[in-house]
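Accompanying notes for the structure given below.
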Amino acid sequence: MSTQKLLILTILFSLAACTPAATATPTATLDLSTPMAQTAQAQTQLAADAQATSDAQATIDSANATGTAEVINGTATALMAQTETKATSQTRNTQTAATKQAGTQQAIASQTAQAQPMLDLLVSLQSEGYLVETAGQYFRLADHSQEQAKLNYLDVSPTFLAPSNFVIRVDIGYESASTTADWWNSSCGFLFRVNAADNDFYQAVLSLDGNVEFRRWNNGQGNTLQTKFFAKMATPNGSFELVLVVEDTWTTILIDGVMVVRWEDRSYSEGLLFYTLTSGTNKDFGTRCSFTNTDLWELEN
C-alpha cells in the first residue's frame, strides 16, 4: 500500500475516532450550536519543492438535525456546517497536493491499465452527450467506508480534493442494521462544490427506496432540483455503481450504467468533494456505505 493511501486511511480513521455524538434538533432549522467536530493531522513532503510541510490540524464542523419525511424531502433537517480556519485550509491544501502528486505519477491514463476503463467511460459519456470535453487527469482514491446510526442524520467524510469539473465512478456497497429502516432516507453518494464558509453545496445520492436525488443546499436550506426513480433496491443490503458527471453547469448521475438524473444549475462553480450518507435507522451500526474502486477524472475545463 502506498504512503499516500496509508496517510489518507490514517486521517479517515482519526476523523471517525474523534467524532462526538450529535445532538438532534427538534426543528427543521440547522442548529449550529451543536456541531460534529472532525479533526485530522496531516504531514507530507511535496516533491515539487522538496520542502517539508508542517503539521496542521484541521477542524471540520458538521451539524445535523432530525425530522419527518416531509421535512427531509421539502425543507431541511440535516446539513453540514464547516469552519475553515487557516490550519484547516493548510491541511486540505497539503492533502490535495499530496493526492495530486501521487496521481500524477500514474496519471498518463492511456498508459495505465488501471485507468483504461475510465478512459472508455469518458468516450462513452461523450458519445452519449453527457460530456463535452475529456482532457484531464486521473486519480484512484483509496477505498472508504463510513456508517452512522442516527436517524435522519447527514454524515460526511472528506476526500481532501476540490475538483470543479470531474467524472467520478465508484462501486458502492450499502448495509442497513434494520429491515424496517426509513429507506427513503437511507442513502449513499457525494457532496460536491462545497463552500464551507457559506454552507452551500450540491448533493447527489441514491436512496434505498430507489430514488436518485440531486439537491442544492444554500445557507443551510435544501432544495431538491430533480428526483427520479431508478429501480427497486435490495434491502437491507446490496450494491450499485454510481457515475457522477459534473461539467460546468451540468450534473449527470448514472446508476449501473443508466442515466437517471441530468440537470443544469448555475449556482456553484467550485468547492470541496465529500463522501456522504444519510442514516435511516438508529439500530446498531445504522446505515453503512462502502466506496470501492473509486476512479476520479478531474477535467481541465
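Each of THR235, THR227, THR287 was scored by other Cβ atoms within 10 Å of its Cβ. Listed from fewest to most, they are THR227, THR235, THR287. With viscosity 1.567 mPa s and temperature 4 °C, the Kirkwood radius over alpha carbon pairs of the range 240-290 converts through Stokes-Einstein to a diffusion coefficient of 97 µm²/s. Taken over the range 134-213, the alpha-carbon convex hull comes to 126 cubic angstrom per residue.
When the convex hull of its Cα atoms is viewed from all sides, the range 119-266 shows a mean projected area of 9.0 nm². Residue-wise HN-Hα couplings along the range 237-244, as the Karplus relation 6.51 cos²θ - 1.76 cosθ + 1.60 with θ = phi - 60° gives them from phi, are 9, x, 7, 7, 9, 10, 10, 10 Hz; Gly and Pro carry x. Taking packing as the residue-averaged number of other Cβ atoms within 10 angstrom, the listed peptides 184-190, 290-296, 278-284 run from highest to lowest as 184-190, 278-284, 290-296.
Spatial offset of the range 128-180 relative to the range 255-286 amounts to 7 Å, using the alpha carbon center of each.
The GluC sites (Glu not before Pro) found in the range 211-273 that occupy coil by DSSP, while having at most 13 further C-beta atoms within 10 Å, are GLU270. Debye sum, Cα scatterers, the range 208-267, no solvent: what log₁₀ I/I(0) at q = 0.19, 0.22, 0.25 1/Å? Once normalised to I(0) and log-transformed, intensities are -0.75, -0.93, -1.08.
Computed from the coordinates by the stated procedures, all read-outs in this text should not be read as laboratory data. Just so it is clear, the model here is predicted, and its values are computed rather than measured. Every residue, glycine among them, receives a Cβ derived from its backbone with ideal geometry; neighbour counts consider all protein chains shown.
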